[in-house]
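The values are calculated or read from the model by the stated rules, or taken from the named source; none is laboratory data. This structure is a prediction, so every number in the text was calculated from the model and none was measured. Here the Cβ positions follow ideal geometry from the backbone for every residue, glycine too, while neighbour counts run over all protein chains shown.
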């Protein structure tokens with residue numbers, strides 16, 4: 001459960017990212033479903049801190065460059081951005097598919113970085129997006145990195161809800177698949193989370209934490225080259241282990 005004030009602040013930032021235009025107090029209140037008095041307090045705080053400015057009373061408010069500057073400074077200090085992103089970009093260019101870096105967050109997978117390919121039809125995940133562990137390649141890779149005792153423990157906690165007709169919802173079948181894929185060195189899903197999309201993933205350890213390298217694309221294009229893609233990802237995994 002989130003803290004209401006923090007949730008509303010983040011909702012406001014995401015609202016501006018979506019709308020990309022100035023908004024009045026009443027528009028913000030309506031779009032966020034927040035009472036006018038609370039909206040006024042939120043906007044006033046953002047104004048006082050320099051994150052919003054008023055175009056005019058009629059036009060409303062828009063974010064200043066302070067937010068962009070702050071996020072840029074944060075990104076510059078992130079070892080993922082400084083160190084790992086170039087590897088993802090090179091791998092994406094090599095296999096001509098979208099590549100991502102992920103990590104576990106609670107009972108979900110969170111995407112930390114995405115190198116999107118230039119194909120007109122492509123896998124287009126978002127940084128900060130989360131996915132379920134049981135029906136994503138990155139999730140299976142994170143589960144596969146556990147020893148069998150811990151795997152059993154974690155699987156017992158998961159809600160194996162169905163996302164498509166291909167989603168595995170039986171705990172024993174899921175465990176068998178994870179263990180079998182562990183032997184081949186990489187994990188995969190074919191239409192289990194999104195129809196017509198497949199992805200593969202490989203876990204690796206940095207600073208005693210498990211990260212996952214993932215790649216995905218349309219089944220008809222990705223599947224015939226799955227072995228080549230997996231080999232390229234394994235090579236990138238080894239490069240990362242040597243570099244970090």
One residue from 122, 104 being in a loop (DSSP other than H, G, I, E, B), within 30 Å of residue 18 (Cα to Cα) and either in contact with a strand residue (DSSP E or B) (Cβ under 9 Å, 6 or more places away or on another chain) or free of Cβ contacts under 8 Å to residues at least 24 places away in the same chain (or both): 122
Subset of segment 71-92 (residues that are at pLDDT 90 or above and surrounded by 13 or more Cβ atoms within 10 Å (Cβ to Cβ)): 84, 85, 87, 88, 89, 90, 91, 92
Selected residue (only one of 15, 25 is within 28 Å of residue 113 (Cα to Cα) and in contact with a helix residue (DSSP H, G or I) (Cβ under 7 Å, 6 or more places away or on another chain)): 15
Residue within segment 212-224 that is over 22 Å from the mean Cα position of the chain (by Cα), assigned by TED's automatic domain parsing to the domain that holds residue 101 and outside any helix (DSSP H, G or I) present: no
Among the residues listed as 48, 68, the single one being surrounded by fewer than 13 Cβ atoms within 10 Å (Cβ to Cβ) and either assigned by TED's automatic domain parsing to the domain that holds residue 213 or under 26 Å from residue 124 (Cβ atoms) (or both): 68
Which listed residue, of 111, 87, is assigned to a strand (DSSP E or B), in the same structural domain as residue 166 (by TED's automatic domain parsing) and either closer than 20 Å to residue 233 by Cβ or in contact (Cβ under 8 Å) with a residue 60 or more places away in the chain (or both): 111
